[in-house]
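The values are calculated or read from the model by the stated rules, or taken from the named source; none is laboratory data. Small disclaimer: the values here were computed from a predicted structure and weren't measured. Because the Cβ atoms are built from the backbone with ideal geometry, glycine has one as well, and the counts that use them run over all protein chains shown. Protein only, heavy atoms only, side chains kept; ligands, DNA and RNA dropped before computing areas. Shrake-Rupley method; radii C 1.70, N 1.55, O 1.52, S 1.80 Å.
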Amino acid sequence: LPEYATIRAMGGTKTYLYKIVIKQAVIGGLLGYLIGIVTVVALAYLARNSSASPEIPLSLALGIGVVTVLMCVAASLVSMNKVTSIDPVKVFR
């Protein structure tokens, strides 16, 4: 929070703070999704000769990616109330 208060003290708008937080949420969601999907694809490849080999449809993989990023953005927007209500004067105390 002190970093966001510094941005507000330097004249950053609430819109700018929203852009920062949403961009961080998208990056975090994509990184998490990529790590997860690579792990799933690797495990599915290793299990390809098993009696019940798993299949990963492209639509499912992409859908999970979209849902993951949307959940990260929604979670970050929940915390934006606290971020946008920061008093910029806190920086100078």
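Summary table below
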| read-out | value |
| --- | --- |
| Accessible area in square angstrom per residue, the chain, 1.4 angstrom probe | 72 |
| Per-pair calculated FRET efficiency, R0 = 41 Å: Val26 and Val89 via Cβ, rounded to 0.05 | 0.85 |
| Protein accessible area in region 2-73, 1.4 Å probe - carbon and sulfur % | 72 |
| Positive-end residue of Thr6, Thr68, Val26, charge dipole of the chain with Cβ unit charges | Thr6 |
| Sites Ala75 and Ala42 - FRET efficiency at Förster radius 35 Å, r taken between beta-carbons, to 0.05 | 0.80 |
| Relative contact order (%) - the chain, alpha-carbon pairs under 8 angstrom, separation at least six | 58 |
